[in-house]
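Undergrad: Just dropping this structure here.
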């Protein structure tokens, strides 16, 4: 049995839904950031699968750029969370709602 495009799309859907449920259910901001990274990885799986299916390398180039952006986003997000934890001693999203006031 060969692995086709449908298998990759099902995998990407499962990874995306796992990330989406983590964003919607969890209250820890670190878990939410990791769930957002899962959703980005699901998009990368789709880009790579369609790139392979079409025989074009442009999807793979986009995936590499997306990895670079995701790494920068994770670094900046973690730096912000560390600073918030130093000031507030909590990374719970319910406690961070007071930052807008």
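The values are calculated or read from the model by the stated rules, or taken from the named source; none is laboratory data. Note that this is a predicted model, so its numbers are computed, not measured. Here the Cβ is made from the backbone with ideal geometry for all residues, glycine too, and neighbour counts use every protein chain on show.
Undergrad: Report yes if some residue within segment 42-62 is crowded, with 16+ Cβ neighbours inside 10 Å and under 26 Å from residue 88 (Cβ atoms); otherwise report no.
TA: no
Undergrad: Which one of the conditions (1) loosely packed, with under 13 Cβ neighbours inside 10 Å; (2) modelled with pLDDT of 90 or more; (3) closer than 30 Å to residue 82 by Cβ does residue 27 fail to meet, given that it meets all the rest?
TA: (2)
Undergrad: Are there any helices (runs of 4 or more DSSP H) wholly within segment 15-101 with 1 or more residues that are under 30 Å from residue 3 (Cα atoms) and free of Cβ contacts under 8 Å to residues at least 60 places away in the same chain, and if so which? Lay out the reasoning, then the answer.
TA: Values: elements: 29-54, 58-88, 93-96.
Because the criterion is at least 1 residues that are under 30 Å from residue 3 (Cα atoms) and free of Cβ contacts under 8 Å to residues at least 60 places away in the same chain, the helices (runs of 4 or more DSSP H) in segment 15-101 that meet it are 29-54, 58-88.
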